[in-house]
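Notes follow the structure.
The values are calculated or read from the model by the stated rules, or taken from the named source; none is laboratory data. Given the structure is predicted, the values throughout are model-derived calculations rather than measurements. Don't worry about glycine lacking a Cβ; one is built from the backbone with ideal geometry, like all the others, and counts go over all protein chains shown. All accessible areas refer to the heavy atoms of the entire protein, side chains included, with ligands and DNA or RNA removed. Shrake-Rupley method; radii C 1.70, N 1.55, O 1.52, S 1.80 Å.
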Amino acid sequence: MATILPEPSRTFGEYLLIPGHTTRDCIPANINLKAPLVRHEKGQTATISLNIPLVSAIMQSVSDDNMAIALAKEGGLSFIYCSQPIEDQVQMIARVKSYKAGFVPSDANISPESTLEEVLALKAKTGHSTMPVTTDGTANGKLLGLVTSRDYRPSRMGPEVKVKSFMTEFKDLIFAPDTTTLSEANDIIWNNKLNALPLVDKDQRLKYIVFRKDYDSHKENVNELLDSQKRYLVGAGINTRDYDKRVPALLEAGADVLCIDSSEGYSDWQADTLTWIRKRYGDKVKVGAGNVVDREGFRFLAEAGADFVKVGIGGGSICITREQKGIGRGQATALIDIAEARRQYFEETGIYIPICSDGGIVLDYHMVLALAMGADFLMMGRYFARFDESPTSRVLVSGAYMKEYWGEGSNRAKNWQRYEITGEENLPFEEGVDSYVPYAGRIKDNVSMSLNKLKATMCNCGVLSVPELQKKGKLTLVSSTSIVEGSFHDVVLKESIKAEF
């Protein structure tokens, strides 16, 4: 007979936190949500850390370059999905890395012989109103001038008017040499009240543009997750099939961290992938692995060289793995078990391996429960799929706006690469569904609200950081009747009465 574990398989909804002593310094402004992303030795800090403990899931319907940029602005990280051709994933990574470099290569260029009609078409295509005018209309041609929306009025000019007749000529531009530092460029912008500063080489060829809005954006987004070159950090999913081709291409494009995307990570295929990466790149390349749900799975991936371990099987809102295959574990129980295994591994080796909780987050307070149970950061799909910045369409369903959301285990995703044991280039059966989630607006507004709740809870627990929460926090199991008691009850909501009339 198979071994039967004595404890039930529990979810986040079965726990509550017990309030602690809230001191005068326990206010949201003092809460530190910084989280280690990758393994590090005792007494040292991780080489990559998150400013907020949130990452977006490796899913077609969640994490593209737009989501990666939006989440990095808030301090989190996206893992761009790998269920696409290598070239397409590489292009997404490259777009993220070039978006916030300070020195921006121009992607909206025009020649002096172009027409106003072409200017308007290029603006519609790229969304950029500042266009360098170069001799050949390329990004690195000799700079002859600039066109901005202040230089023309479509209502008073014909579409055939040439750019050379309304552009701001080079002699009238304020520019700087390409040896100018970012700090110097920003000073020039502010001193001259500019929106953009072209940087040119000694032959007057355009090299970069520094934009005022990038400076403003950084001041607005104080938690931005940036690398040493002031570029946004971005992660990339990989699989255990084509890693020998995909990994080098992703690293060349600038991916900061990788993560093996698999439905179940306690496998030789994951160990083989980690071994290949370590032999070729050593410890310079950071790669997470998973998913697992018990201490044996954690130990296996830790010893195989994973920089972080993802926890969770079957807990995602679009996942039907437990229903289809009968494997998995309640997310709370899995986290608690693996956090204990991580503690033991740390005591034995002096190496701390972060845990990523993947799945099971339904309500915002589940985030703080997952962190209290030992997670360093949280990977979420449904949560991020609801926002403007996710790659799916917003559609009107029964009078309400929805966003499309499908699982990587669905036939729509066609992501057979994440299921190692099939041996076939197809999905013999589905482990995910195709669905809708209620549209929720901008990522910034929603993440800000969720983090405000998280910080408020931590203040109630009397802690100022996630490690302190894990050390001092107290959790209690709740009964089914106390769950009912915890929501509104024995009242009639005003909204329900209004709806009847």
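Of S106, S98, the order by accessible heavy-atom surface (1.4 Å probe, DNA, RNA and ligands excluded), from most exposed downward, is S98, S106.
Would you rank V478, V200 by solvent-accessible area, highest first, keeping every protein chain in place and using a 1.4 Å probe? Walk me through the intermediate numbers first.
Values: V478 30, V200 5 Å².
Largest accessible area first, the residues go V478, V200.
Scoring 159-165, 357-363, 336-342, 489-495 by mean Cβ neighbours within 10 Å over their residues and listing the highest first yields 357-363, 336-342, 159-165, 489-495. Whole-Hz Karplus values for segment 272-283 come out as 4, 5, 5, 4, 4, 5, 5, 5, 8, 10, x, 8 Hz, taken residue by residue from phi with 6.51 cos²θ - 1.76 cosθ + 1.60 and θ = phi - 60°; glycine and proline positions read x. Ranked by solvent-accessible area (1.4 Å probe, protein heavy atoms only, all chains present), the residues D261, D242 order from largest to smallest as D242, D261. Under 26 Å from the Cα of K171, which lysines turn up, not counting those fewer than eight places away in the same chain? Hits, sequence-local ones excluded: K123, K142, K162, K193, K202, K207, K213. Between 0 and 90 degrees, rounded to the nearest ten: what's the tilt of helix 331-349 against the longest Cα principal axis of the chain? That helix lies at roughly 90 degrees to the long axis.
Nearest-5 percent of antiparallel DSSP beta bridges in the chain? Intermediate results must be reported in sequence, preceding the final value.
On the way: 32 of 59 bridges.
Around 55 percent of the beta bridges assigned by DSSP in the chain are antiparallel ones.
At the residue level, E485 shows approximately 130 square angstrom of accessible surface with a 1.4 angstrom probe and all protein chains present.
For F300, the accessible area of its heavy atoms, probed at 1.4 Å with every protein chain present, is near 50 square angstrom. Rolling a 1.4 Å probe across the protein heavy atoms gives the chain an accessible surface of 48 Å² per residue. Split the accessible area of the chain by element, probe 1.4 Å, and carbon with sulfur accounts for 51%. Note the angle between two axes, namely the Cα long axis of helix 443-460 and the longest principal axis of the Cα atoms of the chain, as a number of degrees from 0 to 90, rounded to the nearest 10. In the chain, helix 443-460 runs at an angle near 40 degrees to the longest axis. Against the chain, whose longest principal axis is taken from its Cα atoms, helix 243-253 shows a tilt of about 40°.
Is segment 1-96 rounded, prolate or oblate when judged by the Cα gyration tensor, a ≥ b ≥ c being the square roots of its eigenvalues, rounded requiring a/c under 1.5 and prolate requiring a/b larger than b/c? Intermediate values should be presented prior to the final figure.
On the way: a/c = 2.02, a/b = 1.26, b/c = 1.61.
Because a/c hits 1.5 or more and a/b fails to exceed b/c, segment 1-96 counts as oblate.
Segment 227-262 and segment 40-80 have their alpha-carbon centroids 12 Å apart.
Taking every protein chain into account, the 1.4 Å probe leaves E408 with about 10 Å² of accessible area, to the nearest ten. Taking R0 as 22 Å, what FRET efficiency do you get between T115 and D172 from their Cβ-Cβ distance, rounded to the nearest 0.05? Taking R0 as 22 Å, the efficiency between T115 and D172 is 0.55. Note on the chain: Cα Rg divided by 2.2 N^0.38 Å, N the number of residues, gives 1.09.
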